[in-house]
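Q: Can you read through this structure? Questions will come right after.
The values are calculated or read from the model by the stated rules, or taken from the named source; none is laboratory data. Just so you know, these numbers come straight off a predicted model, no measurement behind them. Cβ placement follows ideal geometry from the backbone for every residue including glycine, while neighbour counts extend to all protein chains displayed.
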Amino acid sequence: MVVGNADMMARDGAAASEEVTAVGFMLVEHFSMIAFSSAVEPLRLANRAARRELYCCSLWSENGQSCTHQGVVRGRDARAHGRQAPGGTWLRAALGAPAAFQNRRPDPRGFQTNLAARVAEILPEPARDKPLEVWFQDEARVGQQGTPTRVRARKGTRPRAPRDQRYKWTYLFGAACPARGTSAALVLPTVNTEMMSLHLAEISKQVAPGSHAVLVLDGAGYHGTAKTRRPHGLVVPDNITLLHLPEASPELTPMELVWQYLRQNKLANRIFRDYRQIVDACCDAWNFFADNPGIVTSITARDWVQIKL
């Protein structure tokens, strides 16, 4: 291993910054991949912790050709003979700042603190003088494969649960309004803009007369995104405005907890005979949830859902 200042070593043919320490690794034939990883990993973690490039690495070999390492790689021929064979690898990518910090997603807490401003930005003019309701919407797939959940059993035992191997399923479109403890749902055969339009129409019927609903939902293709709020073919009723969550932030929608509640109480550890029985189970499960306004509010209410325009 060779360590030097950036003004003495070059990375990919270009001079590095004076603040970056360049580290060079000379790889020999049959080098130890474990030892190499142990040397590189602390440098990578230092870059990640600092959120900038502190160290850059160059990988060399004696003759400029690929090197064979001693890591265990199972190849097709080796498996056929019940043996393990060393795998060849060509390592030349320099160690730079991790891409996760260069293109990281927005902080979801910004969505919570700026909720009122976001709503004011997208709310249509006719709805500004009306009472607002905040709804959350999502979809869940329910089918024969099922989802195992915890069950009560005697301590020290390993309880069994049924698991189907067939592949019939349906989709449960659900939405809930925490403030009113009300909800709206449909069981539909697939997910697309047509099915989403049907669910929006059902939600529209449950909005209080004279009120306007702000529907918080994720950025699925048939939902649209913050940049394209209405996908082609999606019919949004006049008393609903769509508010999209930031990218990759499912923790902001309480509907994920609704699906967990339904699976733990009604939908998990079951065998469904056919598609009709799946649909009936979804209807029974949602009615079990929707018939208790206190449960609806308890699961879906969030302190940050306060909109004052």
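Q: Answer yes or no: is there a residue in region 172-188 that is among the aromatic types (F, W, Y), more than 29 Å from P131 (Cα to Cα), surrounded by 15 or more Cβ atoms within 10 Å (Cβ to Cβ) and touching a strand residue (DSSP E or B) at 6+ places or on another chain (Cβ under 8 Å).
A: Looking through region 172-188, none of the residues is among the aromatic types (F, W, Y), more than 29 Å from P131 (Cα to Cα), surrounded by 15 or more Cβ atoms within 10 Å (Cβ to Cβ) and touching a strand residue (DSSP E or B) at 6+ places or on another chain (Cβ under 8 Å).
Q: Being loosely packed, with under 12 Cβ neighbours inside 10 Å and within 22 Å of S298 (Cβ to Cβ): is that true of R150 here?
A: On the way: loosely packed, with under 12 Cβ neighbours inside 10 Å: yes; within 22 Å of S298 (Cβ to Cβ): yes.
Answer is yes for this residue.
Q: Which residue pairs have Cβ atoms under 7 Å apart, sit 6 or more places apart or on different chains, and have a first residue in region 236-265 that is within 22 Å of Q112 (Cβ to Cβ) and a second that is among the polar types (S, T, N, Q)?
A: What qualifies is I240/S204; H244/T225; L245/T253; P254/T300; M255/Q137; V258/T300.
Q: State the number of residues belonging to region 256-282 that are under 21 Å from R163 (Cα atoms) and part of a helix (DSSP H, G or I). Show your work before the answer.
A: Kept after step one, since they are under 21 Å from R163 (Cα atoms), are these residues of region 256-282: 259-282.
From the residues that got through so far, the ones that are part of a helix (DSSP H, G or I) too are 259-267, 275-282.
Residues in region 256-282 being under 21 Å from R163 (Cα atoms) and part of a helix (DSSP H, G or I): 17 in total.
Q: Can you say whether R44 is assigned to a helix (DSSP H, G or I), at pLDDT 85 or above, in the same structural domain as E247 (by TED's automatic domain parsing) and surrounded by 13 or more Cβ atoms within 10 Å (Cβ to Cβ), as far as the supplied structure shows?
A: Numbers: assigned to a helix (DSSP H, G or I): yes; at pLDDT 85 or above: yes; in the same structural domain as E247 (by TED's automatic domain parsing): no; surrounded by 13 or more Cβ atoms within 10 Å (Cβ to Cβ): yes.
Considered against the rule, which asks whether it is assigned to a helix (DSSP H, G or I), at pLDDT 85 or above, in the same structural domain as E247 (by TED's automatic domain parsing) and surrounded by 13 or more Cβ atoms within 10 Å (Cβ to Cβ), R44 comes out as no.
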